[in-house]
């Protein structure tokens, strides 16, 4: 063990190094300088500089600038902390996921067996494993006993693989004498030597491969960046423009800098990024309720812009359990119910053949329910036994009731379990009829093998000789069921003659002292892992939503195609090249590939394909199934899809899927079947493994994109109403209409809750009937949105606010005409007998107080008009009345909060000088109401014209 | 093209709307008095002459250039109080509010410059600046409808004793009630607000340093002079530095 410690020191612990996390402080600082923060920092810096200069000059109002700088810095820091906290919260959900229970390993060291934590293992250790254990490292086996391992997380093979000491293949992944780290031993025991630990294990290498795949920016991150650039561009260019204008108008440089700060503050929607984060996390919460757990908030929207979903079959599209799908007896195929929660089976059960068949199904079965589950629905109970037997057990339990007691009544006297050489399973039972002392021999197995052993066939309960015509019927049925990708089993029985096999006869399964031929064929049962019942609907939703669903599976092409057809991935009318060839009876090569809309691509073909060929397949076929693919090929498929410019969502559960999950625009890991590595690499975890959940996720993602548009439009609008005062103040030299602090109270006070409320808005029309948005063309903030918000509604708001402003001044004695050009005298501290239009004289403080009243009036007007703005933003196309004014209650919470906050600021805090609010005459609240109504009416007209004249000039310019 | 036209129409409409609402708003106003006067319920005080720099008088009594600006300002200011300009103004009863709310045409009360005594500019064209007795006129801001109660008068106090002796014209710095109320520019075109001249007789001690003086309106319960935030409400502080 000294040696072990040495090696441990050399190789490090036997654990995967977690992906390098960005240090928390870096994440935090990123929030501090990201987005608009940098602009606001500049604003704060300017404020402090001008404070310094003014202080040196001994100006009384210097401290205003100090406070403003502090407030701006606080705004940045608080929103930064908020965003950081939001992000940390969503990351934490995942952290809990990836936490693993510390694993123990049984190690032989210093000639004694010890339990050691698995991370203490070193190369050369001898470990013992038994059924149910996780393999603690890559080990070469030196002793095995019936050992089988489940490599599915590594290679995607769903069947357990047997392991022995023999070296069978050059490739370590193929050879039988190596078991891999993090796979599980299903049954048997084994002893092995550790050959690789930690990151050098196969899985470690894949994990590092996954972290090597670059993490690309999410579409919404790109959109928000675009939006930030746009707004920052507007802010800086207007700021600089007016800096130049004010300097050339002979304002002092210092004043010009203060104007610049005002313009920046007015232009930057301080609260917006926080609002976006909140909206996204609200959606994330909603999605989590629908079983989509989102790791990265931005992935919420990515799902909405998805244009291709590459989905696994097993477990995602299907229920991941074999279920009896069809029966064939009395020369007829019956379908069984394959839904998740079956309680009865609807097919005709009156035939005596069925009675015989059901008996075989019940008796010739080794699977059993785990005890103590009587209260669970049958479909949910845990069964000991393989997949087919489980299916048959549950099937008979559903139809016949208590299978165990039926079996007890028909005591088993002998049994030959299934093996791969004879391909059948046989058992002999006493019958439950006390007068019938015969033994019943029941057998099931591969249909052709079973048929070989039969000489008669049961039709309507009567044994009839098996002639060629009946054999033909069997063949047809068998082919038909097999062609549906189902696993078919044949069933036969024989009542052993009482005279030859009397009561108490000793059956010997080794010498087979009983007949195994000339049996009576009873019927066929076929099984499949059926699609989840919600999936076909979800697939058709994807189809109407313009999302291409590609199935990627390791399964056989026939099964894959059958499932694809039954869920609608391959629609009923479309054909593959092979189908066309078969229909037209021509060789596959002669078929025009363009005619085939569907394609089933085999993994072997894919291996030999160039990327151009793959591109061609992805382009030309709308319905694609990749069968027999390895998880590695998934990555190739994902890259192929991305080359088409698609936003690709990929599902995966295995470790080997993690590179593909990372590479995909949105990787979706399975919550139940998924490995930790897959969950780590994914952006989203599907808690119920159900494909349909992805589709609800897509719906939410699209909705949030629309709603963010509305939120941004809402927020941007009032920026103009905040900016115009500055511009007019500079140009017309009127008393300042609104203060910088007041602006912050709008941006971070009254406007916050309403803009979040828009995230609760329901979709206007069926968003799932729309094509996915084009990454390059359908921007979050497009020109129409900016123009409509800035140049139309924003200007209307400004006009409304200015009317209130002038009303306040006029009614106090300053007619609009007297206000023009008064700025210098108005702001002079030395002038305390400033004359108004009526000959009255005002002190500086009286004027300042009036100015604050103006701020408050302006603020109130913007708030009132923002109510109208909020209402019109509920829809972009439909009339508000169609959307329903009251359907989204949160909007009303928003409106009341908006007005409530404004009331508190005006009347509650109206006496706090630093905030620059004053109690306002009540009627001034209503001056802007006509303008608010005008905004609403105008927007209704806009929407009406858009609906009335689609594609027109108006539609193109006014629809955002 | 269409875009430009659209915005032309759109902004044209908004401009018209703005003009219209402003017009409607202006229609509701009276041209005589403002709708609300609550923001100036109490008047501020102001002085004349008013130095450009923050109410600080610097002059040399022997250098006429140094105070000529003050003198001119005073002369100009008192121009409107000349007897010739006050011909239409009437003599009113002293000590009583001159309420003429019934009258259609509001009359202005005469303010005789002689009341300002040595500071009227008649006896001393230099308003005392050359003699070391500079005059400063204190006036109260015009506020429509203001009716002072009691016996309002101006009182000025230097911060430090012994540097200056203060004389008031009219005596006691009284502001006669007959000049109130004011009816506004349009109704009361010839109105002249009452003045109080403060003559600062600077003592030889007072020539070396700045003298800080604060004037307040006293004797009237409805004229505020102690507002924390408004340093000019019913009071005014200024500094004088005279050199020889």
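Data overview
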quantity: Counting DSSP beta bridges with both ends in the protein assembly as shown, the antiparallel % (nearest 5); calculated: 75
quantity: Nearest-0.05 FRET efficiency for residue A:467 and residue A:584, computed from C-beta distance (R0 25 Å); calculated: 0.10
quantity: Likely footprinting exposure, A:520, A:292, fewest C-beta neighbours within 10 Å first; calculated: A:520, A:292
quantity: Distance between the stretch A:460-521 and the stretch A:358-420 - C-alpha centres, whole angstrom; calculated: 20
quantity: Per-pair calculated FRET efficiency, R0 = 45 Å: residue A:446 and residue A:408 via Cβ, rounded to 0.05; calculated: 0.95
quantity: Cα convex hull of the stretch A:323-500, projected area averaged across orientations, nm²; calculated: 10.8
quantity: Separation of the residue A:513 and residue B:8 label points, Cα + 7 Å toward Cβ, nm; calculated: 11.3
quantity: Relative contact order (%) - the stretch A:813-960, alpha-carbon pairs under 8 angstrom, separation at least six; calculated: 25
quantity: Spatial separation of Cα centroids for the stretch B:1-32 and the stretch B:185-240, in angstrom; calculated: 45
quantity: Difference of contour (0.36 nm per residue) and Cα-Cα distance, residue A:783 to residue A:70; calculated: 253.3 nm
quantity: Binned Cα-Cα distances of chain B, short to long, each 5 Å bin given as a whole percent; calculated: 1, 6, 12, 15, 16, 13, 10, 7, 5, 4, 3, 3, 2, 1, 1, 0, 0
quantity: Alpha-carbon centroid distance for the pair the stretch A:926-960 / the stretch A:222-265, whole angstrom; calculated: 30
quantity: Residues B:115, A:170 arranged by fewest to most Cβ contacts within 10 Å; calculated: A:170, B:115
quantity: P(r) weight above 20 Å for the stretch A:501-613, C-alpha pairs, percent; calculated: 62
quantity: Segment residue A:255-residue A:166, length gained on full extension (0.36 nm per residue, minus Cα span); calculated: 23.4 nm
quantity: Test item: B:38-48 mean partner chain Cβ contacts at 10 Å; calculated: 5
quantity: Protection proxy ranking of A:876-889, A:804-817 - average other beta-carbon atoms within 10 Å, highest first; calculated: A:804-817, A:876-889
quantity: In nm, spacing of pseudo-spin labels at residue A:240 and residue A:341 (7 Å Cα→C-beta vector); calculated: 6.4
quantity: Principal axes of the stretch B:119-244: Cα extent on each, largest first, Å; calculated: 47, 37, 21
quantity: Convex hull projection area averaged over all views, the stretch B:1-67, Cα basis, nm²; calculated: 10.9
quantity: Alpha-carbon gyration tensor eigenvalues x 5, square-rooted, for the stretch A:102-212, Å; calculated: 20, 17, 13
quantity: Protection proxy ranking, peptides A:39-48, B:153-162, average beta carbon neighbours within 10 Å, highest first; calculated: A:39-48, B:153-162
quantity: Averaged over B:180-190, number of beta-carbon atoms from partner chains that fall within 10 Å; calculated: 2
quantity: Top of B:143, B:196, B:24 by mean-square fluctuation, Gaussian network on chain B, Cα under 10 Å; calculated: B:24
quantity: Quotient of Cα Rg and 2.2 N^0.38 Å for chain A, N being how many residues it contains; calculated: 1.25
quantity: Relative contact order computed over the stretch A:547-620 (Cα-Cα under 8 Å; 6+ residues apart), in percent; calculated: 26
quantity: Residue order, fewest to most surrounding Cβ atoms within 10 angstrom, among A:453, A:10, A:532; calculated: A:10, A:453, A:532
quantity: Value of D in µm² per second that Stokes-Einstein yields for the stretch A:798-882, Kirkwood Rh from Cα pairs, at 20 °C (1.002 mPa s); calculated: 146
quantity: Length-normalised contact order for chain A - Cα pairs under 8 Å, 6+ apart - percent; calculated: 12
quantity: Full-extension gain in nm, residue A:187 to residue A:619, via 0.36 nm per residue minus C-alpha separation; calculated: 151.0 nm
quantity: Computed FRET value (nearest 0.05) for residue A:126 with residue A:556, which takes r as the C-beta separation and R₀ as 41 Å; calculated: 0.55
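Taken together, the values in this text are just the output of simple stated rules run on the coordinates, not laboratory data. Model, not experiment: these values are computed from the prediction. In this analysis, Cβ positions are derived from the backbone assuming ideal geometry, glycine residues included, and neighbour counts consider all displayed protein chains.
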